[in-house]
1. Taking the condition free of Cβ contacts under 8 Å to residues at least 24 places away in the same chain and at negative phi, does residue 83 pass?
2. Test residue 353 against the criterion of being surrounded by fewer than 23 Cβ atoms within 10 Å (Cβ to Cβ), under 22 Å from residue 293 (Cβ atoms), among the charged types (D, E, K, R) and modelled with pLDDT of 85 or more, and give yes or no.
3. If you go through segment 86-117, how many residues are on the phi < 0 side of the Ramachandran plot and in a loop (DSSP other than H, G, I, E, B)?
4. Mind checking which residues of segment 152-178 are touching a Ser or Thr at 6+ places or on another chain (Cβ under 9 Å) and over 25 Å from residue 98 (Cα atoms)?
5. Would you confirm, using the coordinates I've provided, whether residue 118 is assigned by TED's automatic domain parsing to the domain that holds residue 157 and at pLDDT below 95?
6. Return the residues of segment 131-158 that are under 12 Å from residue 12 (Cβ atoms) and either touching a strand residue (DSSP E or B) at 6+ places or on another chain (Cβ under 6 Å) or aromatic (Phe, Trp, Tyr) (or both); say none if nothing qualifies.
7. Please specify each residue of segment 127-166 satisfying the condition of being within 22 Å of residue 38 (Cα to Cα) and exposed (fewer than 15 other Cβ atoms within 10 Å of the Cβ).
8. Scan 169, 119, 140 and give me the residue that is more than 26 Å from the chain's Cα centre (by Cα) and within 16 Å of residue 19 (Cβ to Cβ).
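The values are calculated or read from the model by the stated rules, or taken from the named source; none is laboratory data. These figures come from a predicted structure and were not determined experimentally. All Cβ positions, glycine included, derive from the backbone under ideal geometry; neighbour counts span all protein chains shown.
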Amino acid sequence: MDRCVVLVDAGYLLGAAASLLAGEPSRSRIVVDHAAVVAGLRERAERETGQPLLRIYWFDGAPDRVPQPEHRRLRVMPRVTVRLGALTRTDGRWAQKGVDAAMHAELSELARNRACSDVVLVTGDGDLLPGMMSAKEHGVAVHLWAVQAADGDYNQSEDLVAEADERRVLDRAWITAAIHARESAAACQPAGQRPGVGPEIAAILAAPLPESPEAPPEGPAKNGVAPAEPTAPAAPHGKGVPTPKDLADLGRHQAPPPPVHAPSTLRWSSDKGWTDRPDPADAGLPTLAQLTTAEQRWADREADITAVSGDPYEVGQVFARRWIARVSDQSLLQQLSAHYPRVPHRIDGELLRYAARFGLLAHKDDQIDENDRYAIRAGFWREFSTDS
């Protein structure tokens, strides 16, 4: 059959891309436009094989083989089939299980049934060598694609390279058309360093911890001068924005901070950091779930799969945009804005649970990274400043 098929080892493709663009193979260090990756694979496969595409098979690992948001987005794309292996954690490292075996089985089955004339393999694992040899014996031309290695060397099995009929390299220019490095510190930069962030968010992004002089002497006043109030520890060197851990230390050393509009320190509603007890007024604020109809819930899920990239800042914006659009009592907007920069406890918990659906928990010990939490909340408040 004169058609081509593409088999993608996502762990290899995205891990090698992360090494190339971010200096380490962690996929949490990159942002991937999966639609652009699929379009790029299809266009290049059809051009280099001279055959129309039958299908792209996307092989990846997932905890308990449960599809992650990126897998749900991929499997509704035309001509894309997702095959999942297990993702397990051993000695602090994540590893895929069953992906190579699934690729081997799919490759052998396609060749045996003469479903295609050309197969493109995007992988580097030598375990696929027997499957490659079997496909060739059935008359299938095997094209092996590599991701440009960060050090300019091979990042594929030499045996795999030697057995392939054709070999090509997906260079940096091809990779960066759909993948770019995540700026992990972007959410913690001052507003002036982040495009599109207005003054309302500047108080969040640029709030420093107070400097800490030496501890004052204890005891009664001397010479009629009362001892200075104890102060919080200084922020760690080079850290301009307080994290929940910093604020936890802050809470142990001084009284609660002034009202939320004072630009002294950022207050969090994270269970990891210190903050005021939820205001009784919080109870009057509806959650997004309470404002959402069944039809809207279905449409939201479709939009999350097909249109929302999963960038933490964007996730916060999308959540806030829906809340603003669906609340009927405009006084509730003012009531919520009055809590700035602290996201009310009930809404903050719902916001973080929503963010977790986009894979922000993956590879991070089932916790959302602090920088991502910060970006989610900054994106949330950004929508309120835009709306107002």
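1. Considered against the rule, which asks whether it is free of Cβ contacts under 8 Å to residues at least 24 places away in the same chain and at negative phi, residue 83 comes out as no.
2. When the stated conditions are applied, residue 353 passes them.
3. Count: 4.
4. Across segment 152-178, the qualifying residue is only 166.
5. No: the conditions fail for residue 118.
6. The answer is 144, 145, 146, 147, 156.
7. 166
8. Checking each option against the conditions leaves just 169.
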